[in-house]
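Throughout, read-outs are computed from the coordinates displayed, never taken from laboratory work. None of the values given here were measured: they were computed from a predicted structure. Don't worry about glycine lacking a Cβ; one is built from the backbone with ideal geometry, like all the others, and counts go over all protein chains shown.
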Amino acid sequence: MQSLPKNLIVLSLAVLLSGCNEGTDSVPQVTAKAATEVAKQEPAAETSNTAAPAAPQKATLDDPDVVVIVNGSPVTKSMYAVFHQQWRQARQGAKGNTPQEQMAILNELVNAMLIVQDAQAEGFDKKPEVAELLNLLRIRALAEMSIANRVQQQPISSDDIKALYDQRYGDKPQQEFKARHILLTSEEDARAVIKELDGGADFTELAKTRSTGPSASQGGELGWFDSTQMVEPFAEAVMAMENGTHSTTPVKTQFGWHVIFREDAREIPPPSLEEVQDTLMNEKRRELVMSYLTELRKKADIQVRPPAQKAANSNTAAAPPH
């Protein structure tokens, strides 16, 4: 069975449903048994014109593909397999291979089916907001399955990963930096801090009192990092600085305005291929997905409704430009 993408099925109730399994005797111990004989349908009664359509076959445990039947609705082996995989992904490290775990998984699935059947009986699935959510879940599942299929159809070889590794790392030593920063909410505040530093203020003490970032209590200390671990504007600023200097202009990122102090820099050997091959594999997969989406968007007819504009009040003066 091909691997399925994560999050194919929403299991937000997994913990709740699993809690309902303890002490439950309502779900029988069902084991897959080989059918001794395939059930035969009775021939349809003939009429003078055409034969009547055969009645739908009722689910039965004689069907080797059926694991359990809940109020007439069968749970098939493939349905259980998908649920089993999602159960494992929700509990990282769990195998779900012991008889006790398999029975617990089956109980969770039965509990979920009972809840759904009761909801459907009350017409809950007909509510507009629920119908829209179900439609969105269907879209997401199909999209993820399509992406997984696309990736499987274009396998990434070890040579592809090695080529990317050589391009990214090769035999080039990597550079790490040690820095501190003061995070501020406005450019004006950042310039004021730079002015204080130019006047001889201590960077660490200013970081403790002025920084709005989580590292403020440590004097803005960030420790050692390489350029890929920081957002691009921050990394570029650090690489352009000299050891023992602070930034002379504020550095803008999505987090706010930074004043940076570069303490030190050092060269380290590149990581081994084994250390980064999973990261590089994920990067190549993202490239495949982005290429796939680019192809689709080029061929697509996408029409977007522009944001609604608030009607201007004729008695109100126009707002000044921001």
Provide PHE225, PHE177 in ascending order of the number of other Cβ atoms located within 10 Å of each residue's Cβ, fewest first. PHE225, PHE177
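Once the piece of chain linking ALA163 and ARG138 is laid out straight, how much longer is it, given 0.36 nm per residue of separation minus the C-alpha distance between them?
Stretched fully, the ALA163-ARG138 segment lengthens by 5.3 nm.
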If amide H atoms are modeled at 1.01 Å from N in the peptide plane, then the residues at a separation of 5 or more from VAL67, or on another chain, having amide H under 5 Å from its own are VAL75, THR76, LYS77
Residues whose built amide H sits under 5 Å from the amide H of ALA179, excluding neighbours closer than 5 in sequence, are LEU222, GLY223, GLU263
Inter-probe distance in nm under a simple model that places probes 7 Å from Cα toward Cβ, at ARG91 and ILE147: 2.7 nm
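Structure shown: which of LYS127/LYS298; LYS178/LYS208; LYS172/LYS195 lie over 27 Å apart, alpha-carbon to alpha-carbon? Walk me through the intermediate numbers first.
Working: LYS127/LYS298 36 Å; LYS178/LYS208 18 Å; LYS172/LYS195 38 Å.
Cα-Cα > 27 Å for LYS127/LYS298; LYS172/LYS195; rest within.
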The stretch 221-254 and the stretch 78-97 have their Cα centres apart by a whole-number Å value of 43 Å
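Using the number of other C-beta atoms within 10 angstrom as an exposure proxy, rank ILE182, ILE260 with the fewest first.
ILE260, ILE182
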Magnitude of the Cβ-charge dipole of the stretch 173-268, K/R +1 and D/E -1, about the Cα centre, nearest 20 debye? 180 debye
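Would the stretch 56-117 count as rounded, prolate or oblate if I go by the C-alpha gyration tensor, calling it rounded below 1.5 in a/c and otherwise prolate when a/b exceeds b/c, oblate otherwise? Walk me through the intermediate numbers first.
On the way: a/c = 2.45, a/b = 1.78, b/c = 1.37.
Since a/c reaches 1.5 and a/b is larger than b/c, the shape of the stretch 56-117 is classed as prolate.
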At a Förster radius of 35 Å, what calculated FRET efficiency corresponds to the Cβ-Cβ distance of ASP63 and ILE302, to the nearest 0.05? 0.20
Going from the fewest other Cβ atoms within 10 Å to the most, one would list LEU137, LEU109 as LEU137, LEU109
Of the GluC sites (Glu not before Pro) in the stretch 125-193, those whose Cβ has at most 14 other Cβ within 10 Å and which sit in DSSP loop: none
For LYS208 and ALA121, what is the calculated FRET efficiency with R₀ set at 45 Å and r taken between the beta-carbons, to the nearest 0.05? 0.15
Looking only at aspartates and glutamates whose Cα falls under 20 Å of LYS58's and that sit 8 or more positions away or on another chain, we get GLU37, GLU42
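Assign one of three labels to the stretch 173-268, namely rounded, prolate or oblate, based on the Cα gyration tensor with a ≥ b ≥ c the square roots of its eigenvalues; rounded applies when a/c is under 1.5, prolate when it is not and a/b is larger than b/c, and oblate otherwise.
Numbers: a/c = 1.66, a/b = 1.50, b/c = 1.11.
It comes out prolate by the Cα gyration axes.
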